[in-house]
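Okay, structure first, notes after.
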């Protein structure tokens, strides 16, 4: 009995250590993705051409300028979303969905609101119209230093989780509260929120 109890305790300790290591690996990967998203957003925000087109309200020109860049980033680096917002929090251009614009995001995108209010870059996770992603949001200023809006880059969780599985053999899934998805992720295929993906009040996304 004593030996079995000791062995059981050692097993529990080993498993707990493994979970801690896996948690640290996942957190590091998410932090890296946040940094990459923000770096890309800040790079776009600093481009003079982007600034001029946003000031001019030239949505077609901005899309034409950045469409190829976005396609390459999506194919190679898991960049799933790219969006420009004008003040206070109105969608100006979604490179991932150019036909949808003009909607007010102030109710469900606090990060966008905060960047436009405080004029400082932010990064973190959020549920957007196209679904959950890891975001970096940077303010955009014109050549004279006037704040004109912001740009955000969203990195999909899918390639990130797939990369962790390839590198470490860890099977991972993202679970998001169903109510948040239905309320905010209007652009997501309804089939992804079907019964087959429901676990309690969460959806395996």
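Readers should treat all values here as calculations from the given coordinates under stated rules, not as data from a laboratory. Everything numeric here is computed off the predicted structure, so don't read it as measured data. With ideal geometry, Cβ positions are generated from the backbone for all residues, glycine too; neighbour counts draw on all protein chains shown.
Give the order of 111, 22 when sorted by the count of other beta carbons within 10 angstrom, beginning with the fewest. Each step should come with its number before you reach the end.
Working: 111 20, 22 14.
So the ranking, lowest neighbour count to highest, is 22, 111.
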Check: Shape call for the stretch 147-205 from the C-alpha gyration tensor, a ≥ b ≥ c root eigenvalues: rounded (a/c under 1.5), prolate (a/b greater than b/c) or oblate?
Finding: oblate
Next item on the list: Report, in whole Å, the centroid distance computed from the Cα atoms of the stretch 124-185 and the stretch 63-96.
Entry: 12
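State, as an integer percentage, the relative contact order of the chain based on alpha-carbon contacts under 8 Å between residues 6 or more apart. Let's see the in-between values first.
Values: 320 pairs, mean separation 42.7, N = 205.
Answer for the chain is 21 percent.
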Checklist line | Area projected by the alpha carbon convex hull of the stretch 61-151, averaged over all directions, nm² | finding: 5.9
Margin query: Apply the a/c threshold of 1.5 to the C-alpha gyration tensor of the stretch 98-143 and tell me whether it is rounded, prolate or oblate.
Written below: oblate
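What order, most packed first, do the peptides 28-40, 163-175 have when packing is the mean number of other Cβ atoms within 10 Å of each residue?
Details: 28-40: 17.9, 163-175: 12.4.
Averaged packing, sorted descending, gives the order 28-40, 163-175.
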Next item on the list: Work out, in µm²/s and without decimals, the Stokes-Einstein translational diffusion coefficient of the stretch 74-123 at 37 °C, 0.692 mPa s, Rh from Kirkwood over C-alpha pairs.
Entry: 282
Item checked: Dimensions in Å of the chain - Rg and Dmax from alpha carbons -> 20.3, 78
Note to self: I need the calculated FRET efficiency for the pair residue 47 and residue 106, taking r as the beta carbon distance and R₀ as 30 Å, to the nearest 0.05.
What the structure shows: 0.70
Notebook entry, point to check: When the label point is put 7 Å from the Cα of residue 192 along its Cα-to-beta-carbon vector, which residues of the stretch 93-129 have a backbone N closer than 12 Å?
Noted result: 127-129
Margin query: I'd like the orientation of helix 2-45 relative to the chain: the angle between its Cα long axis and the longest Cα principal axis, in ° from 0 to 90, rounded to 10.
Written below: 10
Notebook entry, point to check: So what does the Cα-only Debye profile of the stretch 102-179 read at q = 0.17, 0.24, 0.26 Å⁻¹, as log10 I(q)/I(0), no solvent term?
Noted result: -0.75, -1.12, -1.23
Item checked: Cα→Cβ-extended label distance, 7 Å offset, between residue 68 and residue 183, nm -> 4.2
